[in-house]
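As structure tokens, the structure follows; a few thoughts come after it.
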Amino acid sequence: MEQSNRLFISYAHKDNELFDEAVAIFSKDISNFYAAKTGNSLTVFFDRQSIGWGENWRAEIDYDLNNAMIFMPIITMQYFNRAACRDELIAFKSSTERLGVKDLILPIVIAGAKSITADHEITEVRIIEALQYRNLESAFLAGPGTPEWRTALSELTDELIEIIGKAEAEQEARRAAGQLALPSDAAVDGEDGDLLQGMSDLNTLSTRVEEEIEEAGHAVEAWVEAISEDMEAFSTQKTPQQMQAISLHMASKSKEPSIRLRNAGTALATTTAEADALIRLIIEQLSRTEHPEAREAAKQIAESMRGDSPELQSLIMQMSGVLSMLTLFEVMSSPLRASLKPARIGINKLQDAFRIVGSWNSLPEID
């Protein structure tokens, strides 16, 4: 009698193309190895649509992790350029930390392992490093069907079996001890201590979001001011020597504002991700009760989160356009590239933050 477990793979489509559809082959082979070693099936999902989560996909993660679903990001450095990949990684990380099931994230690096460092500028890169990723670069370079490929997948399957078995045993132990399987079950069973703490934490996070949005606004203004004069100079015809001099001047002026922008964007993205996870957990807790007052509170929280994104978002879009314009000059000036790199990271993180805020317009309707 076959049992089934689930694996969610997060990847950048360009990486599948780079390795001649090897990511797709990998998913099929890992499922086959799992079946061969356990007699059970491993259902692999490639995207949110295939797993059936819909618009409110973040709210489904706790349930799936509670049932020992594995989240497997397939990593190259291109992964961190894809907004959907960053969203998935942060959402799963938040849920595994809240549920205490960190082992259920299993990163696989297939290219760029040397760039995965603990002091990297990009938050998500540091997360992958801290999760102790598995390096399958050699297997992917060798390609599907090779001895290197089969050996690597066989060893990875053994690890998957161990992780799933451990997670299921821990869940069974909690059930046998009469403990709640999910923190969100507390409200349903009348234990409101965690809920009250969650509401308090949400108030704290809301204050932080407001403060960090204000700082992000100041950081954006400082960065725009730092580059605007030289941008105007770029707009008129110059000799190569003059353009190089302008590039060096812009690099010097924009260095500190770029770092400030990166720090502001990273802080806001981190806080909004924490707030998002908590908002969805509290709404789920309240909406699952039979008490009209609790359901009304869930409805009010969901409604209070909806609305237009802050005006800063339009400015971020303009900044993205400016960075695109600067690409030509970055090609000609390595100091300018180095100076603007933190700003690019900051803009990406601000876009991540406001994409999360925008997702609150799709919070479930509470009857």
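The values are calculated or read from the model by the stated rules, or taken from the named source; none is laboratory data. Because the structure is a prediction, the values reported are computed rather than measured. As a convention, Cβ positions derive from the backbone with ideal geometry for all residues, glycine included, and neighbour counts pool all protein chains shown.
So the values come out like this:
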{"quantity": "Long-range neighbours under 8 Å by Cβ, at least six apart or interchain, first residue in contact (Cβ under 8 Å) with a residue 24 or more places away in the chain within the stretch 338-350, second not in a helix (DSSP H, G or I)", "calculated": "Lys341/Glu121; Pro342/Glu121; Ile345/Glu121; Ile345/Ile122"}
{"quantity": "Yes/no for Glu124 being within 16 Å of the chain's Cα centre (by Cα), under 28 Å from Asn66 (Cβ atoms), modelled with pLDDT under 90 and not hydroxyl-bearing (Ser, Thr, Tyr)", "calculated": "no"}
{"quantity": "Residue that is surrounded by the most Cβ atoms within 10 Å (Cβ to Cβ), among those in the stretch 135-158 that are touching a strand residue (DSSP E or B) at 6+ places or on another chain (Cβ under 8 Å) and in a helix (DSSP H, G or I)", "calculated": "Leu156"}
{"quantity": "Matching option when the condition is of a type in the set (Gly, Ala, Ser), assigned by TED's automatic domain parsing to the domain that holds Gly265 and surrounded by fewer than 17 Cβ atoms within 10 Å (Cβ to Cβ), among Ser339, Ser333, Ser314", "calculated": "Ser314"}
{"quantity": "Verdict on Phe354 being crowded, with 19+ Cβ neighbours inside 10 Å, at pLDDT below 75 and either of a type outside the set (Ser, Thr, Tyr) or in the same structural domain as Glu55 (by TED's automatic domain parsing) (or both)", "calculated": "no"}
{"quantity": "Meets criteria (out of contact with any His (no Cβ under 9 Å at 6 or more places or on another chain), surrounded by fewer than 15 Cβ atoms within 10 Å (Cβ to Cβ) and assigned to a helix (DSSP H, G or I)) for Ser247", "calculated": "no"}
{"quantity": "Test result for Ala68, crowded, with 17+ Cβ neighbours inside 10 Å and at pLDDT below 80", "calculated": "no"}
{"quantity": "Any hit, the stretch 213-235, residues being of a type in the set (Asp, Glu), more than 30 Å from Leu328 (Cβ to Cβ) and at pLDDT 85 or above", "calculated": "yes"}
{"quantity": "Number of the exception - Arg48 against (1) at pLDDT 85 or above; (2) under 19 Å from the mean Cα position of the chain (by Cα); (3) surrounded by fewer than 19 Cβ atoms within 10 Å (Cβ to Cβ)", "calculated": "(1)"}
{"quantity": "Count - residues of the stretch 1-47 that are free of Cβ contacts under 8 Å to residues at least 40 places away in the same chain and closer than 30 Å to Ile282 by Cβ", "calculated": "2"}
{"quantity": "Residue identified as under 19 Å from the mean Cα position of the chain (by Cα), surrounded by fewer than 17 Cβ atoms within 10 Å (Cβ to Cβ) and part of a loop (DSSP other than H, G, I, E, B) among Glu97, Glu55", "calculated": "Glu55"}
{"quantity": "Residues of the stretch 100-134 that turn out to be part of a helix (DSSP H, G or I) and touching a residue at least 12 places away in the same chain (Cβ under 8 Å), as a count", "calculated": "12"}
{"quantity": "Boolean, Ala36 is buried (at least 18 other Cβ atoms within 10 Å of the Cβ) and of a type in the set (Gly, Ala, Ser)", "calculated": "no"}
{"quantity": "Sole residue being assigned to a helix (DSSP H, G or I), modelled with pLDDT of 90 or more and buried (at least 20 other Cβ atoms within 10 Å of the Cβ), chosen from Leu89, Leu42", "calculated": "Leu89"}
{"quantity": "Matching entry among Asp62, Asp20 (being charged (D, E, K, R), modelled with pLDDT under 85 and buried (at least 18 other Cβ atoms within 10 Å of the Cβ))", "calculated": "Asp62"}
